[in-house]
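One structure is given below, encoded as structure tokens.
The values are calculated or read from the model by the stated rules, or taken from the named source; none is laboratory data. Keep in mind that this is a model prediction, so the values were computed, not measured. Here Cβ is always computed from backbone atoms with ideal geometry, including for glycine, and neighbour counts include all displayed protein chains. These accessible areas exclude ligands, DNA and RNA; they are computed on the full protein's heavy atoms, side chains included. Shrake-Rupley method; radii C 1.70, N 1.55, O 1.52, S 1.80 Å.
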Amino acid sequence: RVKGKWATTRPKHLPTRLALQHFDATYSVQLGQLWPSVRVALLSERKYGALFNNFSNNPDLEKLQAQGCRDFISNGEDPTSSEHNSEFGAEEDSSSVSTVSSHVDSQQQSPLWLSPNIKCLVFPRGDITRFKPARPDKFSLLSYYLMDAASVLPCLALGVQKNHTVLDLCAAPGGKALALLQTQSVRFLCVNDSSVSRTSRLKRVLHSYIPKPLLTDDKLRITSFDGTMWGEIERNSFDRVLVDVPCTTDRHSLMEDDNNIFSRSRVGERRSLPQLQVELLLAGIIAACPGGEILYSTCTLSLNQNQGVVEQAIQLAEENHGIQLQVVSLRPLVKKFRNTFHFAPNLHLGEMVIPHLAANFGPIYLCKLRRLT
Ligand code: SAM
């Protein structure tokens, strides 16, 4: 029978299969009864969001809205008018900066600013309509960038404010850098990625979405350094640092055998990921100025690559560099966007969007730190 022959010639150790075995073993323990539904969602078609390009001039926004798409950010719940009102402190009023407030160490109240002017359109829960490719306007700028809508959350949570200097340490192919530029608040953006080929792709993305006058050397620097060495380039400099690290990219690892980190030839690389992630986060912490804020993010569910990395980096920052950090609670962000995303319950550090069939975004883990010294 054809099936028998096929079975004997099929590679036994397909990386996607190894990934599923690994996830079944670790995530069934880590996520308990949530794992079966997360597993089904991870193995199903993912859902995209359309990051709207404020610099493009075409009517795609209206067209998408007519199709039932909505901007999940401006349509997020207002935490101050919910039953959770008592958990929020005073809210600052500003036309260009949206704010919600957060508790830190579950005691202190301090505002959690969301980066302004970012719009991301999504189809409603349960609606799996696909977006059409974006079209260029008369200046050849594309109207939207398709990405996992949950990937916008780290950019919102970074809380960029007017005239900030921002470092995006692992920036290619550039979805989050694009979102940061949509804020129109960044005075100077430094985008870096150690991969030269991916940095070239990042440049192409930026030039397809952002007008040339906003990409001049005084506003933007594009580099291809090893991010772990950033401390040798610049210390105590940036108001905001995004550290969106390489990880096991769980969804990709289950779907694509090409370039899969679970292939047998990449076992060493995969095992050393947490170490690389700690070094990158530590470099990001050192690059931020005292009082500056750092956002760590991944697209894996792995405890070792998420909370484990943050804990180690906080400890090393203090022990080796005398830098004290505060974890900024992102609970207000969860409350604001819980109608769009499913969040993992009760994480002791950071927040995580978990895939769900009705809202198949993520996984995205994010944790925000503030430099006290
Ligand atoms: N932030 C990007 C975006 O939104 O499009 C995605 C970043 S991706 C998750 C991680 C990136 O880290 C990859 O592009 C990879 O080339 C880069 N990378 C890996 N090791 C690095 C290092 N040591 N320093 C800087 N970048 C690194």
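Name the one entry in THR129, THR165, THR183 that is within 16 Å of the ligand (Cβ to nearest atom) and not hydrophobic (A, V, I, L, M, F, W, C).
THR183
Can you tell me which residue is nearest to the chain's Cα centre (by Cα) among those in the stretch 275-312 that are open to solvent by 20 Å² or more (accessible area, probe 1.4 Å) and within 13 Å of the ligand (Cβ to nearest atom)?
CYS299
In the stretch 323-347, which residues are of a type outside the set (A, V, I, L, M) and closer than 19 Å to GLU293 by Cα?
Within the stretch 323-347, GLN324, GLN326, SER329, ARG331, PRO332 meet the criteria.
Looking at VAL353, VAL334, which is the one that is in contact with a Gly (Cβ under 8 Å, 6 or more places away or on another chain) and open to solvent by less than 20 Å² (accessible area, probe 1.4 Å)? Explain how you work it out, then say what you get.
Numbers: VAL334 fails: in contact with a Gly (Cβ under 8 Å, 6 or more places away or on another chain).
None of the other options fit; the residue is VAL353.
What do you reckon, is PHE139 at pLDDT 90 or above and of a type in the set (Phe, Trp, Tyr)? Lay out the reasoning, then the answer.
On the way: at pLDDT 90 or above: yes; of a type in the set (Phe, Trp, Tyr): yes.
Considered against the rule, which asks whether it is at pLDDT 90 or above and of a type in the set (Phe, Trp, Tyr), PHE139 comes out as yes.
Before we move on, is GLN315 open to solvent by 20 Å² or more (accessible area, probe 1.4 Å), modelled with pLDDT of 95 or more, farther than 25 Å from PHE23 by Cβ and not hydrophobic (A, V, I, L, M, F, W, C)?
So GLN315 passes the test.
Restrict the check to the stretch 308-327 and report whether at least one residue is among the charged types (D, E, K, R) and touching a helix residue (DSSP H, G or I) at 6+ places or on another chain (Cβ under 7 Å). Full working, then the answer.
Here is the first cut: in the stretch 308-327, the ones among the charged types (D, E, K, R) are 311, 318-319.
Applying the additional criterion that residues be touching a helix residue (DSSP H, G or I) at 6+ places or on another chain (Cβ under 7 Å) yields none.
Scanning the stretch 308-327 turns up no residue that is among the charged types (D, E, K, R) and touching a helix residue (DSSP H, G or I) at 6+ places or on another chain (Cβ under 7 Å).
Is it the case that the stretch 209-216 has a residue that's within 15 Å of the ligand (Cβ to nearest atom), modelled with pLDDT of 95 or more, in contact with an Asp or Glu (Cβ under 9 Å, 6 or more places away or on another chain) and open to solvent by less than 20 Å² (accessible area, probe 1.4 Å)?
no
All but one of (1) closer than 18 Å to ILE294 by Cα; (2) open to solvent by 20 Å² or more (accessible area, probe 1.4 Å); (3) within 11 Å of the ligand (Cβ to nearest atom); (4) out of contact with any Ser or Thr (no Cβ under 6 Å at 6 or more places or on another chain) hold for ASP244; state the number of the condition that does not hold.
Going through the list (1) closer than 18 Å to ILE294 by Cα; (2) open to solvent by 20 Å² or more (accessible area, probe 1.4 Å); (3) within 11 Å of the ligand (Cβ to nearest atom); (4) out of contact with any Ser or Thr (no Cβ under 6 Å at 6 or more places or on another chain), ASP244 breaks only (4).
Scan the stretch 247-263 for residues that are charged (D, E, K, R) and either open to solvent by 10 Å² or more (accessible area, probe 1.4 Å) or more than 13 Å from the ligand (Cβ to nearest atom) (or both) and jot them down.
Hits for the stretch 247-263 are ARG251, GLU256, ASP257, ASP258.
Kindly list, by first and then second residue, each pair from a residue in the stretch 343-361 that is under 17 Å from TYR296 (Cα atoms) to a residue that is charged (D, E, K, R) and open to solvent by 20 Å² or more (accessible area, probe 1.4 Å), limited to pairs with Cβ atoms under 9 Å and residues at least 6 apart or on different chains.
Here the result reads LEU349/GLU311; GLU351/ARG331, each pair linking the stretch 343-361 to a residue that is charged (D, E, K, R) and open to solvent by 20 Å² or more (accessible area, probe 1.4 Å).
Check ARG270, ARG371, ARG266 and return the single one that is within 16 Å of the ligand (Cβ to nearest atom) and over 25 Å from GLY175 (Cα atoms).
Every option except ARG266 fails the conditions.
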